[in-house]
1. For the range 192-229, which residues satisfy the criterion of being more than 15 Å from the chain's Cα centre (by Cα), surrounded by fewer than 18 Cβ atoms within 10 Å (Cβ to Cβ) and of a type in the set (S, T, N, Q)?
2. If a residue must be more than 11 Å from L116 (Cα to Cα) and either among the acidic types (D, E) or under 15 Å from the mean Cα position of the chain (by Cα) (or both), how many such residues does the range 167-191 contain?
3. Just to be sure, is I218 β-branched (V, I, T) and at pLDDT below 95?
4. Would you confirm whether or not the range 127-134 contains a residue that is over 30 Å from E225 (Cα atoms), in the same structural domain as M191 (by TED's automatic domain parsing), surrounded by 18 or more Cβ atoms within 10 Å (Cβ to Cβ) and at pLDDT 85 or above?
Amino acid sequence: MGLFDAIRGQFIDVIQWEDQTTDTIVWKFQRRKNAIKNGAQLIVRESQKAVFLHEGLLGDVFGPGRHELSTSNIPVLTSLSNWKYAFGSPFQCDVFFVSTRQFVDQKWGTRNPIMLRDAEFGPVRLRAFGSYCFQVVDPGTFVKQISATNAAFDTESIVGQFRNMLAARFADALGELKIPALDLAANYNEMGDSLTAQLQPEFDEYGIKLTKFLIENISLPEAVEKALDTRSSMGVLGNLNTYTQYKTANAIGDMANNPGTGGNMVGMFAGMNMGQAMGGTIQQGAQAPQQPGAVPPPMPAPVQWYAAVNGQQMGPYDQNTFAQAIQAGQITRDMPVWKQGMAAWTPASQVPELAGYFAAPPPMPPPMPPPVQ
């Protein structure tokens with residue numbers, strides 16, 4: 001190879017970028033001190049653009065396709081360089097390839113809870129997270145404002161700034177919308193679309209388009225969520241007093257059928273009794289009419305029954321709960337019972353108020369006479 005061929009071999013004939021990554025935004029073509037000769041081929045693939053910089057100044061930007069580099073098709077660079085020989089000799093400049101495809105599934109979220117005043121719950125703290133997509137639409141601006149002379153620039157280098165910006169603007173928008181906390185889930189799409197339009201001017205400064213902004217979840221603190229679950233459970237149960245009576249009657253029957261569990265069930269029955277009393281109090285409070293200035297007479301004391309189950313005293317239970325347990329066979333006629341005013345524990349069938357529940361079954365019908373022969 002002659003001297004001319006050696007010199008010519010130092011010049012770059014083809015400039016291109018075969019992107020094998022999924023997160024690279026800008027890649028600088030490596031010249032390695034080689035020059036670009038007049039007539040070199042520039043290949044720009046779909047979802048790419050090539051940006052030329054000469055001595056730090058932005059030159060020409062090329063879209064997808066094959067381009068021959070000459071004074072006729074890079075006028076900006078020619079004007080900036082003012083080459084004496086009009087590309088008759090090699091020229092040197094920086095070539096940056098910029099990916100213009102969409103970068104999807106970029107995550108955002110609030111680092112700290114957002115303090116808000118909710119119409120139903122009062123002051124609340126909310127956390128939120130989601131994802132977004134972006135696309136470089138002005139490669140020249142992006143190179144000048146963000147990537148500069150970096151040889152490689154990926155999404156990790158910029159998403160931190162975007163994440164902080166999105167979280168801050170989201171918190172401001174959430175406070176201004178004043179949507180009740182329980183209605184936020186029904187407005188995720190509307191809020192996302194609105195924020196996409198509101199945030200776009202800030203992304204324009206970087207030469208980027210925010211193509212999608214998604215809200216995946218807005219959550220209350222764990223303690224508040226548990227309280228809401230309890231409130232929902234009470235709504236499903238309906239009448240709390242009836243539910244407590246039902247559970248109490250079932251528990252009495254279980255103890256009668258399992259003598260060895262009597263001692264372990266005392267604590268559970270105590271809890272049921274408390275629930276029963278609370279349920280009755282809540283129900284009475286809800287039904288009592290509120291008349292300003294009127295003082296109602298004292299309520300008559302309800303009858304409180306006790307039962308001896310396997311040697312353990314259980315109770316007190318109101319009349320309805322006791323009657324249901326007798327009818328279900330959970331309290332037998334020989335089981336000792338007691339209430340205020342009785343001198344001693346008495347078998348249930350011998351107590352006048354309860355005897356009716358243990359009525360003797362009717363006698364057997366007489367046998368049928370033999371058929372007449």
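1. Within the range 192-229, S194, Q198, Q200, T211 meet the criteria.
2. 9
3. Values: β-branched (V, I, T): yes; at pLDDT below 95: yes.
Criteria met by I218.
4. Yes: the range 127-134 contains one or more residues that are over 30 Å from E225 (Cα atoms), in the same structural domain as M191 (by TED's automatic domain parsing), surrounded by 18 or more Cβ atoms within 10 Å (Cβ to Cβ) and at pLDDT 85 or above.
Each row is one residue, and each column tells you yes or no for (1) more than 30 Å from A173 (Cβ to Cβ); (2) modelled with pLDDT of 90 or more; (3) under 53 Å from the mean Cα position of the chain (by Cα); (4) of a type in the set (S, T, N, Q).
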{"position": "G2", "(1), (2), (3), (4)": "yes, no, no, no"}
{"position": "Q16", "(1), (2), (3), (4)": "yes, yes, yes, yes"}
{"position": "D23", "(1), (2), (3), (4)": "no, yes, yes, no"}
{"position": "V44", "(1), (2), (3), (4)": "yes, yes, yes, no"}
{"position": "K49", "(1), (2), (3), (4)": "yes, yes, yes, no"}
{"position": "G65", "(1), (2), (3), (4)": "yes, yes, yes, no"}
{"position": "W83", "(1), (2), (3), (4)": "yes, no, no, no"}
{"position": "A119", "(1), (2), (3), (4)": "no, no, yes, no"}
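The values are calculated or read from the model by the stated rules, or taken from the named source; none is laboratory data. Keep in mind the model is a prediction, meaning the values are calculated, not measured. Here the Cβ is made from the backbone with ideal geometry for all residues, glycine too, and neighbour counts use every protein chain on show.
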